[in-house]
Each structure stands twice: as C-alpha cells, then as structure tokens.
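Below you'll find the structure, written out as structure tokens, and then a few comments.
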Amino acid sequence: MKKISIKVVLLLSLSTYLFSSTINIAVASNVSYAIKSLIIQFNKQYPNIKVYPTIGSSGKLTAQIKYGASYDIFISANMFYPNILYKQQIAITPPKIYAKGSLALLSSSQKDFTKGLDIVLSNNIKKIAMANPKTAPYGKATFELLKNTKLYSKISSKLVYAESISQTLRYTISACDVGFVAKSLLFSKSMKKYKKGINYIDIPSTLYTPISQGIVLLKNSSQDGRLFYDFMLSGKAKAILKDYGYEI
C-alpha cells in the first residue's frame, strides 16, 4: 500500500507539472502594488498558470521588448508605448485602456498642504522627486503639470529625477522633501500610514493630460497569455484597480 501511495503522489506531481504553464508580463512601475492582487485573483480562476511580472518604466520595458525580451503581455503606464509596439507589429492586439492613472504630491513627513501645489515653492522644500519624463509616463505628466502651472522654472534646481515612478516613490520617502508620485502607489498596505491632507494631496487631472494606461498582447505570447490579457480587461480586474486609486 505504501508503494502505491508513493506512485500516486508521483503521478499527481507529474500531472501538475505537465499541465502548469508560465506567463511573463512587462508591468509599468505604477502598477507594481496592484499587480500582486491582480495575479492572486487571476490564480483563483487559473491556479496552474504561474505569472511572473517584470517591473520597470514603460520606456525601458518597451526597449526590452523591441530587442526581443520574452514577454507575453505589456501593461503600460500610457498608450504611447503600446501604440509604438502595435505599429511595429510587435504587439498583435490594438492597445486598449485598462485604467486611468493620476498624480499625487507626497511627503513622508507632515506638511502644510493648505498651500496646495505652491508648497513646492517653500524654502523648506529643498528636494523634489519626480520621474524622468523621457522614459516614464508619470514623469511626462509631472513635467506637463509643472509647465502648465508655471512652476517648472521656479523649482527646476530642486528636482531629483528617478528612472521610474516606483523609484520616485523611494526617493520621496528616503531622500526628498516631497515627490510627485502615482496616486495608485499610495494604496498599498505599506503606504496606509500616509494620510491625505497631512502627507499628500491629489493633483487635479485638469492640470495635465489624463494618463490613459494601455495593454497589448505581444506576438510571442502563449495561449495562456491571452487568458491574462482578457482578465486584465474584465470587471474583476477593474474592481481591483479601482481599489488602488485608478479611474475606470
């Protein structure tokens, strides 16, 4: 009986191995917290599909994909980069909007946010974190915001540039007085201690072009990649994204 039990266990293990598969997805930094919850929900439907996210700025991820990085899906922070990949026939689906992102101004310490954005003009604010506008869509939105509000020329010497919006968050918390971050990054468990009006304020999206975030299925995607792509556009995924501060 013992031998039979061992054989059964081995057969079940082999069956699980044979029928499991993996999906590799390129994920914009602003989705770095939400993606964990999204994968958990996806695995409730498809427990044998392992999803491996690679987090980075949309510009750098696009460069990786162009040079042959093996991803099934690209989850971008804007529509610009997915459109490039689609035009170059690297993506096989037209870019679709899965969520809309927005900016927030954050400080790890209590600040007088009654001044609104003008707080960045204060002499007490010496370092301001923002994402690189050349590679990160949230950086581009921040740059547009600063230009539209006539603040850029007044604070340009204070700006500290990060390669991605997640790195911007790290700079804001560890090395800068304030930082322009993705609002979605404030909804993780580790960020719950930061309170609206005390540590951060929302920035009206009327001050910059709305950040429509796009998703595409890439040409080397497996059939299981299509499953996660469809999931990202489903009601269940949108409900999770809404919980992380995205507009749907």
Around Ser21, what is the net charge, scoring Lys/Arg as +1 and Asp/Glu as -1 over all other residues with Cβ under 14 Å from its Cβ? 0
Just to verify a number: FRET efficiency for Arg226 and Met191, C-beta to C-beta distance, R0 = 22 Å, to 0.05? 0.10
Can you grab the distance from the C-alpha centre of region 134-196 to the C-alpha centre of region 54-122, Å, no decimals? 13 Å
Go ahead and run the numbers for FRET between Leu207 and Asn123, Cβ-Cβ distance against an R0 of 25 Å, rounding to 0.05. 0.60
R0 = 35 Å: FRET efficiency of Gln88 with Ser156, Cβ-based, nearest 0.05? 0.55
Lys/Arg Cβ at +1, Asp/Glu Cβ at -1, dipole of the chain taken about the Cα centre: which of Gly59, Pro95, Ala34 is farthest positive-ward? Ala34
If you fit an axis through the alpha-carbon atoms of helix 34-45 and take the longest principal axis of the Cα set of the chain, what angle between them do you get, 0 to 90°, nearest 10? 20 degrees
Long-range tail of P(r) for region 102-207 (Cα pairs > 16 Å, %): 51 percent
Among DSSP bridges having both ends in region 102-207, what percentage is antiparallel? Round to the nearest 5. 50 percent
Computed over region 128-190, the convex hull of the Cα set has an average projected area, in nm², of 4.2 nm²
Calculate the dipole size of the chain relative to its Cα centre from +1 charges on Lys and Arg beta carbons and -1 charges on Asp and Glu beta carbons; express the result in debye to the nearest 20. 420 debye
Among 66-75, 203-212, the order from most to least packed when residues are scored by Cβ within 10 Å on average: 66-75, 203-212
Residue farthest toward the positive end of the dipole of the chain, with Cβ of Lys/Arg at +1 and Asp/Glu at -1: which of Asn78, Ala175, Asn148? Ala175
Straight-line reach from Lys183: which aspartates and glutamates have a Cα under 14 Å away, not including same-chain ones fewer than 8 places off? Asp202, Asp243, Glu247
Cβ-defined net charge surrounding Ile119, 14 Å radius [Lys, Arg +1; Asp, Glu -1]: +2
In whole Å, what three semi-axes, largest first, describe the equivalent ellipsoid of region 46-118 built from its Cα gyration tensor (square root of 5 times each eigenvalue)? 33, 17, 12
Calculated on alpha-carbon atoms, Rg and Dmax of the chain in Å: 20.7, 80
Helix 223-232 sits at what angle to the longest principal axis of the chain, using alpha carbons and giving 0 to 90 degrees rounded to 10? 40 degrees
Take the residue pairs Lys147/Lys189; Lys111/Lys154; Lys60/Lys192; Lys134/Lys242; Lys115/Lys154 and return only those whose Cα atoms are more than 25 Å apart. Lys147/Lys189; Lys60/Lys192; Lys134/Lys242
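Read-outs: derived from the displayed coordinates by stated rules, not from any lab. Computed from a predicted model, the values in this text were never measured in an experiment. Neighbour counts are summed over all protein chains in view; Cβ atoms, including those assigned to glycine, are modelled from backbone coordinates with ideal geometry.
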